[in-house]
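Note sheet for the following structure.
The values are calculated or read from the model by the stated rules, or taken from the named source; none is laboratory data. Just so we're clear, the structure is a prediction, and the values are computed from it rather than from any experiment. FYI the Cβ positions are ideal-geometry reconstructions off the backbone, even for glycines, and counts take in every protein chain you see. For accessibility, only protein heavy atoms count, side chains too; no ligands or nucleic acids. Shrake-Rupley method; radii C 1.70, N 1.55, O 1.52, S 1.80 Å.
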Amino acid sequence: GGPGGMQAAIVLAERGFKVTLFEKESALGGTLNLADKPPHKGLIEDLIASLKRQMEVFGVDVKLGTDATPEMVKKLDPVGVFVAGGAQPIIPKMPGIDGANVVTAESVVRGEVKPTGKVVVVGTGMTGLETSEMLGEAGCELTLVEMVDTVGPGLFAVILNELMDRINAFSPTILTSHKLLSVSPTGVELEKMADGSKVSVDADYVVLSLGVSPRKGVVEAYEAEFMNVFAIGDARKGGRIYDTMRDGYNTAFVFEP
């Protein structure tokens with residue numbers, strides 16, 4: 001029921017297939033319900049409403065609050081199964097990563113945790129920067145850590161510049177070309193990529209924004225039971241909303257039983 005799944009369902013239903021969409025949460029939207037939380041992202045609510053309305057128009061049977069299983073899907077005797085179950089945040093294995101002061105950017109955006117004081121944000125993609133803006137607005141003292149030599153790798157310049165203009169108002173410390181090595185209750189240890197030297201940064205909280213990876217075993221469980229199984233969006237490869245929706249559209253458009 002995220003952007004990729006909804007887009008695929010719309011295209012399939014428009015093509016004449018009888019489509020059933022399972023969503024384990026009580027509302028449609030998936031990661032869109034996370035992406036609309038940072039400042040200046042209100043238009044995403046309109047995208048969710050548009051996708052929902054298109055599914056209504058084309059007669060997609062939506063089952064909310066239902067965590068689909070291969071056994072459940074098998075009862076429908078489908079000609080194809082599209083797995084769009086999203087992904088999970090990447091959590092690297094390293095000393096201290098399980099500490100109480102380490103949280104994910106997703107949990108911050110959802111409001112599940114509210115970091116205070118000195119905060120190190122590791123990863124400066126779109127999610128990391130939007131989370132940094134939220135933390136800055138909450139009064140946190142920010143340090144942004146990025147492995148590559150520029151902030152916001154892969155972001156369009158106009159979007160990056162606008163984001164950084166707002167974030168720079170909070171006077172963050174920005175450490176590009178630095179790699180996270182370990183976390184302690186009082187901060188982080190980094191490696192400076194240029195010469196391998198170690199850098200310690202004090203922190204009350206460490207926020208991880210290192211991208212996402214497909215949930216292990218989900219697609220494989222369906223492939224073991226059905227002939228035509230297609231992983232789309234983040235369930236196949238992590239990407240942005242546009243990438244996920246394009247993947248859902250293209251895969252559904254060319255599908256033939």
Return the residue satisfying two criteria in turn: it lies in region 25-40 and is charged (D, E, K, R) and open to solvent by 50 Å² or more (accessible area, probe 1.4 Å), and of such residues it is farthest from V62 (Cα to Cα).
K37
Among the residues of region 5-24, are any within 22 Å of R236 (Cα to Cα), at pLDDT 95 or above, touching a Pro at 6+ places or on another chain (Cβ under 9 Å) and open to solvent by 20 Å² or more (accessible area, probe 1.4 Å)?
yes
If I go through region 50-70 residue by residue, how many of them are part of a helix (DSSP H, G or I) and within 18 Å of E14 (Cα to Cα)?
9
Among the residues of region 128-145, is there at least one that is under 23 Å from Y242 (Cα atoms), open to solvent by 60 Å² or more (accessible area, probe 1.4 Å) and assigned to a helix (DSSP H, G or I)?
no
Do you know which of the residues in region 73-105 that are outside any loop (DSSP other than H, G, I, E, B) and modelled with pLDDT under 95 is surrounded by the fewest Cβ atoms within 10 Å (Cβ to Cβ)?
Q88
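Yes/no matrix, rows are residues, columns are (1) closer than 23 Å to V73 by Cβ; (2) of a type in the set (S, T, Y):
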position	(1), (2)
K192	no, no
G196	no, no
V207	no, no
R215	yes, no
Y222	yes, yes
R236	yes, no
Filtering region 220-251 for residues that are open to solvent by less than 60 Å² (accessible area, probe 1.4 Å) and without any contact (Cβ under 8 Å) to a residue 60 or more places away in the chain leaves a count of 2
Looking at region 187-219, which of its residues are under 30 Å from I232 (Cα atoms) and either open to solvent by 50 Å² or more (accessible area, probe 1.4 Å) or touching an Asp or Glu at 6+ places or on another chain (Cβ under 7 Å) (or both)?
L210, V212, P214, R215, K216, V218
Kindly indicate which of A221, A157 is touching a Pro at 6+ places or on another chain (Cβ under 7 Å) and over 20 Å from M94 (Cβ atoms).
A221
Going through region 58-72 one residue at a time, which ones are over 24 Å from the mean Cα position of the chain (by Cα) and open to solvent by 50 Å² or more (accessible area, probe 1.4 Å)?
F58, G59, D61, E71, M72
